[in-house]
């Protein structure tokens, strides 16, 4: 599952593509950010003009989906809050300071667990499994439990 970024259409790219700037994690669209080429058909016609802004769900460096409703902006806020918890309390690779979006692909599954009412132990198990099985690192159970408590304590909006 990808992360969400604020995005802005810059203008045409090669034939059939538009240049789109993706904001850095936690930032508004502006001069900074990564520029990608997006097939015109991936954007609704109302968003194809230069200056059009939207929330993009990104997988790797590809636009996966365009959030066209208010949920996209709400998700950005949720993502920023969860990213902050993961970066401050978990960060098993020790890279949050240099790569703030390193753990973004874990955010949506964790938010869905929280929304489903999962407890601290279940979320800590998930975080610990990511560390052991996904990253091949030694268990960091204490950090996983601390992080899970903080995630459960977040007052997140209901998912659509």
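The values are calculated or read from the model by the stated rules, or taken from the named source; none is laboratory data. Keep in mind the model is a prediction, meaning the values are calculated, not measured. Cβ coordinates were reconstructed from backbone atoms using ideal geometry, including for glycine residues, and neighbour counts include every protein chain displayed.
What the table shows:
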| read-out | value |
| --- | --- |
| Among residues of region 78-87, those that are surrounded by fewer than 18 Cβ atoms within 10 Å (Cβ to Cβ) and without any contact (Cβ under 8 Å) to a residue 40 or more places away in the chain, counted | 1 |
| Qualifying residue in region 1-13 (condition: under 30 Å from residue 132 (Cβ atoms) and exposed (fewer than 15 other Cβ atoms within 10 Å of the Cβ)) | yes |
| Complete set of residues in region 40-50 that are in a loop (DSSP other than H, G, I, E, B) and either more than 12 Å from residue 10 (Cβ to Cβ) or not assigned by TED's automatic domain parsing to the domain that holds residue 11 (or both) | 43, 44 |
| Lone qualifier among 55, 29, 38 - being on the phi < 0 side of the Ramachandran plot and at pLDDT 95 or above | 38 |
| Test: residue in region 26-39 that is farther than 26 Å from residue 86 by Cβ, in contact with a helix residue (DSSP H, G or I) (Cβ under 8 Å, 6 or more places away or on another chain) and in a loop (DSSP other than H, G, I, E, B) | no |
| Residue among 111, 55 that alone is assigned by TED's automatic domain parsing to the domain that holds residue 128, touching a residue at least 40 places away in the same chain (Cβ under 8 Å), under 30 Å from residue 152 (Cα atoms) and touching a helix residue (DSSP H, G or I) at 6+ places or on another chain (Cβ under 7 Å) | 111 |
| Region 133-147, residues that are surrounded by 16 or more Cβ atoms within 10 Å (Cβ to Cβ) and part of a helix (DSSP H, G or I) | 143, 144, 145, 146, 147 |
| Residue within region 119-130 that is in contact with a strand residue (DSSP E or B) (Cβ under 6 Å, 6 or more places away or on another chain) and surrounded by 12 or more Cβ atoms within 10 Å (Cβ to Cβ) present | no |
| Residue that is modelled with pLDDT under 90 and loosely packed, with under 12 Cβ neighbours inside 10 Å, where the choices are 94, 72, 60 | 60 |
